[in-house]
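Asks: The structure under discussion is supplied below as structure tokens; questions concerning it will follow.
What follows draws every value from the coordinates through simple rules; no lab data is involved. Computed from a predicted structure; not experimentally measured. Using ideal geometry, Cβ is built from the backbone for each residue, glycine included, and neighbour counts are taken over all protein chains shown.
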Amino acid sequence: MDRRHALASLGASLVGAACAPLPVTARPAPDAPASPAVPPLAVPLGETPPGDPFWAMVRAQYPLTHDRVYFNTGGLGPATYSALDTTARITAELQRLSETGHNLLEASRAPIAAFFGCGEDELAFTRNATEANSTVASGLKSLGPGDEVLFDAHAHPGGSIPWMSRAVQYGIVCRIFEPDAPTPDELVARIEAALTPRTRVISVSHITAPTGILLPIAQIAELARRRGLWLHVDGAQSAGMVPVDVKAMGCDSYGTSGHKWLGAPHGTGVLYVRKERLDEIAPTEVGAYSDNGTFDLPSTLSYAPSARRFEPGTRNVALIAGMAAAVAFMSQIGMERVKGYGHALARRAAAGLRSIPGVTVLSPAHPALATSITTLKMANVPYDRLYNYLIGTHKLRCRIVTERGLDAVRVSTHLFNNEDEVDRLIGAVATAARDGVPG
Ligand SMILES: Cc1ncc(COP(=O)(O)O)c(C=O)c1O
């Protein structure tokens, strides 16, 4: 029996469940907190600026503690009750039946592919952005010794090390450009100036992790097309912060994590590869499900005719269903609304912080480059002391930025934050600027 038939013969309840919610049968563990009755989210048709009561309703969808203010979505984002409950419910049901539920993957793939604007056959589930980036960096066939990959100097190790490792192992050459440009045009000009006849790939953060610069991907894609280059986008900071339409962006591949701005469970991510270019990436991690469904020894191997070839072996289907629930939540609110709110809070933070003597905001001032990330530095307080002061004294959870010697503190503002929290941050930094922070 080939695997397709084996899948079809799985328990009828699971096959049917691919389209319908699984029944709740498991009891929570005795001391596991049960989800409170969360008020249903009614999304208004009109504008919902910061201060609109709608955002308090959004905040109520998260189990995120109120004991501190969470400003580190760029590191790890909290999930909603709905995403966590979906994951727990499917985990329980699959454990009860002792089935992998592999067939349920397809029920999650359609809405998640739609969220990113690609075809289902162009989307593979990964454990995180790093794995997606690595699949592209280790697999691109066109790269030989001496060929060059250009990436931004603010790339996260999850975006740079996959290329650096290929350089160590196979002799490609990595070059970097500085993405902290005053305008989008200047940024693209810097990329163009860094290209050489040996450049084969441009790999960029969609939004940079250290200071939150939004890269003009459509413009960079146009350049890449003109020069015959592969464009890979590391979207770890963009999925769930801004609308992402990979086709409109025009990139060849895009990888992201689910567990940041999207609010999916930990250990989720996706890789998009443009259908026409799928065969240009040699699958490096392969096994059952990478084939076209008919493989049996001693026949030759034919890969799955889709990005599913990058998804070998048994998967945690419940996590992916949780990601589908996160996507549904974001879509219900609307990604333009989510982006507008997070960016508005960041603008408030940046304006307040810039008005404090001795404080420098490193995030872009240009509106086309600015995002929901605000990174700051103080003249009189070292970044690590500032970080400890904000979390220790004021219960404001930010993140330090040591990359590229920036030695700063990063603040991520997302849909569960609010203006009062931002004002608390500004007040705390103002106090630190005035009184200093004891070491
Ligand atoms: C731009 C970027 N790429 C990749 C990563 C790595 O993410 P993950 O650990 O989910 O693979 C991060 C994490 O912060 C990031 O900001």
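Asks: So who's got an amide H within less than 5 Å of the one on S363, skipping anything under 5 residues away but keeping other chains? H placed 1.01 Å off N, in plane.
Replies: Residues meeting the amide H criterion: T375.
Asks: Viscosity 0.890 mPa s, temperature 25 °C: what is the translational diffusion coefficient of the range 335-434 from Stokes-Einstein with a Kirkwood Rh over Cα pairs, rounded to a whole number of µm²/s? Could the numbers behind the result be given before it?
Replies: On the way: Rh = 13.4 Å.
For these conditions, the coefficient is 183 µm²/s.
Asks: Taking a spot 7 Å from the Cα of E120 along the direction of its beta carbon, which residues of the range 227-267 have an amide N less than 19 Å from it?
Replies: Counting only backbone N, you get 246-247.
Asks: Can you list the HN-Hα couplings for the range 254-261, worked out from phi with the Karplus curve (6.51, -1.76, 1.60; θ = phi - 60°), rounded to whole Hz and with x for Gly and Pro?
Replies: Along the range 254-261, the couplings run 8, x, 8, 9, x, 8, 10, 5 Hz.
Asks: Could you order peptides 339-351, 232-244 by the average number of other Cβ atoms within 10 Å of their residues, highest first?
Replies: In descending order of packing, they fall as 232-244, 339-351.
Asks: What nm distance separates the two modelled labels at R59 and R198, each placed 7 Å from Cα along Cα→Cβ?
Replies: In this crude spin-label approximation the distance works out to 5.4 nm.
Asks: So which lysines can K260 reach, going by Cα to Cα under 28 Å and dropping same-chain residues fewer than 8 places off?
Replies: Excluding near neighbours in sequence, the set is K247, K275, K339, K377, K395.
Asks: Using θ = phi - 60° and the Karplus relation 6.51 cos²θ - 1.76 cosθ + 1.60, list the HN-Hα couplings for the range 74-83 in order, rounded to whole Hz, with x at every Gly or Pro.
Replies: My calculation for the range 74-83 gives x, x, 7, x, x, 9, 7, 4, 5, 5 Hz in order.
Asks: Tell me, what does the Kirkwood hydrodynamic radius of the range 43-172 come to in angstroms if you use every pair of distinct C-alpha atoms?
Replies: 19.1
Asks: Fewest first, what order do I176, I90 take by the number of other Cβ atoms within 10 Å?
Replies: I176, I90
Asks: Given contacts defined as C-alpha pairs under 8 Å and at least six residues apart, what's the relative contact order of the chain, whole-number percent?
Replies: Answer for the chain is 21 percent.
Asks: Another one. For every helix of n ≥ 4 consecutive DSSP H residues, a contribution of -39,500 (n - 2.57) applies; sum these over the chain, divide by its total residues, and give [θ] at 222 nm rounded to the nearest 500 deg cm²/dmol.
Replies: Dividing the helical sum by the residues of the chain leaves -11500 deg cm²/dmol.
Asks: Quick query: amide H of L396 versus all other amide H atoms, modeled in the peptide plane; which residues come in under 5 Å with a sequence gap of 5 or more or a different chain?
Replies: For L396, whose amide H was placed from the backbone, the distant partners under 5 Å are V69, I391.
Asks: Follow-up. Explain nothing, just compute: Karplus ³J(HN,Hα) = 6.51 cos²θ - 1.76 cosθ + 1.60, θ = phi - 60°, for every residue of the range 166-176 in order, whole Hz, x for Gly and Pro.
Replies: Calculated HN-Hα couplings, in order: 5, 5, 5, 7, 10, x, 6, 10, 9, 10, 10 Hz.
Asks: If amide H atoms are built 1.01 Å from N in the plane of the peptide, which residues on other chains or at least 5 residues away come under 5 Å of the amide H of K260?
Replies: G77
Asks: Rounded to the nearest Å, what's the spacing between the alpha carbon centres of the range 132-189 and the range 361-439? Just the number, please.
Replies: 29
Asks: Taking the Cβ-Cβ separation of A365 and T284 as r and a Förster radius of 56 Å, what is the calculated FRET efficiency to the nearest 0.05? Don't skip to the answer; put the middle values down first.
Replies: Details: r = 41 Å, r/R0 = 0.74.
Result of the calculation: an efficiency of 0.85.
Asks: For the range 321-362, list residues with backbone N below 19 Å from a point placed 7 Å from the Cα of D420 toward its Cβ?
Replies: 342, 345-346, 348-349, by backbone N distance to the label point.
Asks: Just order 293-302, 319-328, 65-74, 267-276 by mean Cβ neighbour count inside 10 Å, highest at the front, would you?
Replies: Those peptides, ordered most packed to least, come out 319-328, 267-276, 65-74, 293-302.
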